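Peer 1: My questions will all concern the structure given below.
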Ligand SMILES: Nc1ncnc2c1ncn2[C@@H]1O[C@H](COP(=O)(O)OP(=O)(O)OP(=O)(O)O)[C@@H](O)[C@H]1O
Ligand SMILES: [Mg+2]
């Protein structure tokens, strides 16, 4: 095994790989990255058995082979080397040498044969989707997923193909965020996968440059996201996602249109006081305005007012302020619409002038 | 003058009865066991006023011959054993010939019974020491025993009985347990015509479990089996995700007997170690079949315990069997990558086991290549944005020393940071302060909940209502306590048989699992019993809600969360500095103490 590789490539690769490497000490090999030396490139793999990352880096490979080494250690060593070109080679068994100029580090290795197998990347693409759009969609739904481990299904995000749409949906039982992306070419008609929240977080990080396309592919019991030179494989949460469509109210009688920025400011203001208590803020809708108020016993009260167009009967409806701020902070459009039914039935928040995003939030019943 | 004398017969009987019959449920237990011994396929129990007024157990079993009737309610008279050797190989539930005699000593007893091979039945009426009346009567085959006015002649005992609701619940619970122990038999329990349990004959223990716990719960159980040369164990135990705050849902059946056993409890505890947090217990229905000659059933006045040879070994056998099952399950759900490896032979998935990865590469490569088109077309990989992880961003103090952020002016406390993911470390002018994050949050929430009296707390309405199946005994308590539940912020409505629908939870529980909290609340209600004062119940439920809603040890707190916690804790005058369970919330080390610790005084 012997190869020469550019330091900057190697560093950014290891940075990516380290996200998947486990730091639990129970299985030391999971703290390692698998390096495969092949003609013209090195393949790096990292996995903690929940997700796996694999990526290729251009290299001058003189002889093939494969080995595993602690990912973090390798990263620290190369970060500390001054020059650009790094040599990786094996001279003795169980040791990988990292060389540059007069520096020579040897790292203990574990055999590649003991490394978990990376799943086979069978055919089965669901779609190809622009990275920027996917990243935005993930950001706009992921906060609504549940943290409650006793309901594993809700801790994930639903990835669904339906007709010409890819839908991402997340709910924690109190609110639901749904983003539909219509794509002209979808190879599968109907698919529903529940993706762990963490997977989408990691994917989102990988997509941060926002360029290019992501391929989504279903494997036998995993899902793969392929982007640039990186493959991210993840387990799928087993089970059936709740029928979320059922909870999206169809015709809501009243609607308000207002500036997202102004609502955000008002709710944030009210939240300062509300969070001393139960995070509840009250919105009062009437013809020209929305009043946002909060009262916390022994602390104080707040009144904020925003101009808004409203058609409907005057009404008061209370929400958990966090549920409002989550959505307001993740929309990119200037104007939003809030549709309401009664003070105890679900409300809908949507950006104005943009299709494909729906947020359903349950109100709070005031004591 | 002699001081020792033999007690009168009726007093002797009462004393002896006291051992066997402690409360109405003891009567139900003895009568149901007699019906089971009589080979009944259907056992119907009717009670009034929690069994205090009346208990009637009717079966379709063998019945009692007219000639045997005079002895049925005599002490030490039994049809089940006849010589000493029998005692060491008892296969029936009864063997002492004491139950009916004991019941007779403390209540008014009526037996009607007919053998299927006789044309006529017999009726027996008895009441303490008074002469029994026995006469022929027309009736259906089988036996019906009615016990009225229990302890009418023992006012002291009567005083110790709990409310009707509590006594009824105890009966309900034991009936559920018998139903689980004998799935092939029908069990019906009614009070004043209202059905509390109706279990039709079930094909399997699992089907019976569905009758009792509801269909939802069944997915929460896994099967265990194990055996050695003298015991076989079979049972259903809950997955770690499904647990209770007490042991009331653990049932052990040894040779058809419902018994308690410390060995069994420990075995289960050990099997679940590290899989359940402390204070959580699994649900379990465990059936042991032991060679009767290894079993001593004659050790407990109410036959609630048995002893058997090599009990410890059986405990270990059970522990291992349960543990193995749980771990296997867990591995399967958590570990897809290993799963890929174990599915070596499945066609279509190419997994080459322990062969070096390189061997696999040629198969894999074309697809990898496709995946890496950008790479092979020479485009460079974009640099990955290196941001701090969320955890890091939330850890204000990591690495950058004591910024000592000032908490709200009116507390005068500076927060240093979070330690061990359990404590907020802070200081004020006079001392160093450690705050237990969970205990502190529990206290804050508990106080807030207890304060939000009467008018009720705020309710988060659920977008996805939860349906929750309960045991029949639990259904009645939820009904009885609906007022308190509502005031605490739980919106529940009946939703079909033994099912409730939860459509709103207290605001504080926004982050918790509504179903899990509600189940815990229900177990608490069961445990508290029917006679507790409302105030007591509220306090106990608020403790439970606070515990669920509070941040846990191990949760990473952000700067603002630490600040909030500290302010909330310290700015309410007169707040108790213990958690609702009585543990301290905060430790202060004052100047004097510190000086002493550093030998500076
Ligand atoms: N439901 C019944 N059907 C038929 N026979 C019964 C029934 N109940 C009682 N008997 C008869 O009455 C006898 C006395 O019952 P009792 O419960 O007092 O004693 P036991 O069951 O023999 O022993 P133990 O005191 O351990 O319960 C029994 O041995 C049985 O022959
Ligand atoms: Mg008996």
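The values are calculated or read from the model by the stated rules, or taken from the named source; none is laboratory data. On a predicted model such as this, the values are computed, not experimentally measured, just so you know. Here the Cβ is made from the backbone with ideal geometry for all residues, glycine too, and neighbour counts use every protein chain on show.
Peer 1: Check segment A:243-265 and report whether any residue there is within 14 Å of chain B (Cβ to nearest Cβ) and surrounded by 20 or more Cβ atoms within 10 Å (Cβ to Cβ).
Peer 2: So far as segment A:243-265 goes, yes, one or more of its residues are within 14 Å of chain B (Cβ to nearest Cβ) and surrounded by 20 or more Cβ atoms within 10 Å (Cβ to Cβ).
Results for (1) in a helix (DSSP H, G or I); (2) surrounded by 24 or more Cβ atoms within 10 Å (Cβ to Cβ); (3) away from chain A (no Cβ under 14 Å); (4) free of Cβ contacts under 8 Å to residues at least 12 places away in the same chain, shown as yes or no for each residue.
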residue: B:434; (1), (2), (3), (4): no, no, yes, no
residue: B:464; (1), (2), (3), (4): no, no, no, yes
residue: B:468; (1), (2), (3), (4): no, no, no, no
residue: B:474; (1), (2), (3), (4): yes, no, yes, no
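Peer 1: Okay, moving on. Take the residues of segment A:309-321 that are at pLDDT 90 or above and crowded, with 19+ Cβ neighbours inside 10 Å: which is farthest from the chain's Cα centre (by Cα)?
Peer 2: Filtering first and then ranking leaves A:317.
Peer 1: Hey, residue B:594 hits all of (1) outside any loop (DSSP other than H, G, I, E, B); (2) without any contact (Cβ under 8 Å) to a residue 40 or more places away in the chain but one; which does it fall short on?
Peer 2: (2)
Peer 1: Can you tell me which residue among B:110, B:135, B:96, B:114 is within 11 Å of ligand 1 (Cβ to nearest atom), more than 34 Å from the chain's Cα centre (by Cα) and more than 14 Å from chain A (Cβ to nearest Cβ)?
Peer 2: Just one listed residue meets the conditions, B:114.
Peer 1: Further question: So residue B:102 passes all but one of these: (1) more than 8 Å from ligand 1 (Cβ to nearest atom); (2) closer than 21 Å to residue B:157 by Cβ. Which condition number does it fail?
Peer 2: Just one mismatch for residue B:102, condition (1).
Peer 1: What number goes with the only condition from (1) in contact with a helix residue (DSSP H, G or I) (Cβ under 8 Å, 6 or more places away or on another chain); (2) modelled with pLDDT of 95 or more that residue B:44 does not pass?
Peer 2: (1)
Peer 1: Related question: Could you run through segment B:294-310 and say how many residues are surrounded by fewer than 16 Cβ atoms within 10 Å (Cβ to Cβ) and touching a helix residue (DSSP H, G or I) at 6+ places or on another chain (Cβ under 7 Å)?
Peer 2: Residues that pass the stated criteria total 3.
Peer 1: List the number of the failed condition for residue B:11; all other conditions in (1) within 14 Å of ligand 2 (Cβ to nearest atom); (2) farther than 20 Å from residue B:179 by Cβ; (3) assigned to a helix (DSSP H, G or I) hold.
Peer 2: (1)
Peer 1: Next question. Return yes when residue B:113 is within 16 Å of ligand 2 (Cβ to nearest atom) and part of a loop (DSSP other than H, G, I, E, B) and no when it is not.
Peer 2: Answer is no for this residue.
Peer 1: Residues that are facing chain B (nearest Cβ under 8 Å): which strands (runs of 3 or more DSSP E) entirely in segment A:30-124 hold 2 or more of them?
Peer 2: Answer list for segment A:30-124: A:32-38, A:41-47, A:51-58, A:65-70.
Peer 1: Only one residue in A:52, A:40, A:46 is touching a residue at least 12 places away in the same chain (Cβ under 8 Å) and farther than 16 Å from residue A:118 by Cβ, so which one is that?
Peer 2: A:40
Peer 1: Can you report the number of residues in segment B:140-171 which are more than 32 Å from the chain's Cα centre (by Cα) and buried (at least 19 other Cβ atoms within 10 Å of the Cβ)?
Peer 2: Total satisfying the criteria: 3.
Peer 1: Let me ask something else about it. Take residue B:30 and tell me if it is within 27 Å of the chain's Cα centre (by Cα), assigned by TED's automatic domain parsing to the domain that holds residue B:187 and near ligand 1 (Cβ under 9 Å from one of its atoms).
Peer 2: Criteria met by residue B:30.
Peer 1: Filter segment A:167-191 for residues that are within 13 Å of chain B (Cβ to nearest Cβ) and either part of a strand (DSSP E or B) or within 14 Å of the chain's Cα centre (by Cα) (or both) and give the result.
Peer 2: Across segment A:167-191, the qualifying residues are A:169, A:170, A:171, A:175, A:176, A:177, A:178.
Peer 1: Might you let me know whether segment A:126-135 holds any residue that is modelled with pLDDT under 90, out of contact with any strand residue (DSSP E or B) (no Cβ under 7 Å at 6 or more places or on another chain) and closer than 25 Å to residue A:322 by Cβ?
Peer 2: So far as segment A:126-135 goes, no, none of its residues is modelled with pLDDT under 90, out of contact with any strand residue (DSSP E or B) (no Cβ under 7 Å at 6 or more places or on another chain) and closer than 25 Å to residue A:322 by Cβ.
Peer 1: Is it the case, given these coordinates, that residue B:92 is under 17 Å from residue B:142 (Cβ atoms) and within 12 Å of ligand 2 (Cβ to nearest atom)?
Peer 2: So residue B:92 fails the test.
Peer 1: For the structure I just gave you, tell me whether residue B:82 is over 39 Å from the mean Cα position of the chain (by Cα), modelled with pLDDT under 95, assigned by TED's automatic domain parsing to the domain that holds residue B:60 and within 15 Å of ligand 1 (Cβ to nearest atom).
Peer 2: yes
Peer 1: If you don't mind, there's one more thing I want to ask. Which numbered condition in (1) surrounded by fewer than 21 Cβ atoms within 10 Å (Cβ to Cβ); (2) on the phi < 0 side of the Ramachandran plot; (3) within 16 Å of ligand 2 (Cβ to nearest atom) is the only one that residue B:97 fails?
Peer 2: (2)
Peer 1: Moving on to the next point. With the condition kept exactly as written, say whether any residue in segment B:77-87 is more than 16 Å from ligand 2 (Cβ to nearest atom), more than 14 Å from every other protein chain (Cβ to nearest Cβ) and outside any helix (DSSP H, G or I).
Peer 2: yes
Peer 1: Please go through segment B:260-276 and give me each residue that is farther than 24 Å from residue B:214 by Cβ and surrounded by fewer than 20 Cβ atoms within 10 Å (Cβ to Cβ), ordered by number.
Peer 2: B:260, B:262, B:263, B:265, B:266, B:269, B:270, B:273, B:274
Peer 1: Can you work out which of the residues in segment B:53-74 that are within 14 Å of ligand 2 (Cβ to nearest atom) and crowded, with 18+ Cβ neighbours inside 10 Å is farthest from residue B:140 (Cα to Cα)?
Peer 2: B:73
Peer 1: How many of the residues making up segment B:35-52 are more than 16 Å from ligand 2 (Cβ to nearest atom) and either over 22 Å from residue B:115 (Cβ atoms) or in a strand (DSSP E or B) (or both)?
Peer 2: Selection size over segment B:35-52: 9.
Peer 1: Next question, about the same structure. Restricting to segment A:192-224, give me the number of residues that are closer than 15 Å to residue A:124 by Cα and more than 10 Å from every other protein chain (Cβ to nearest Cβ).
Peer 2: 6
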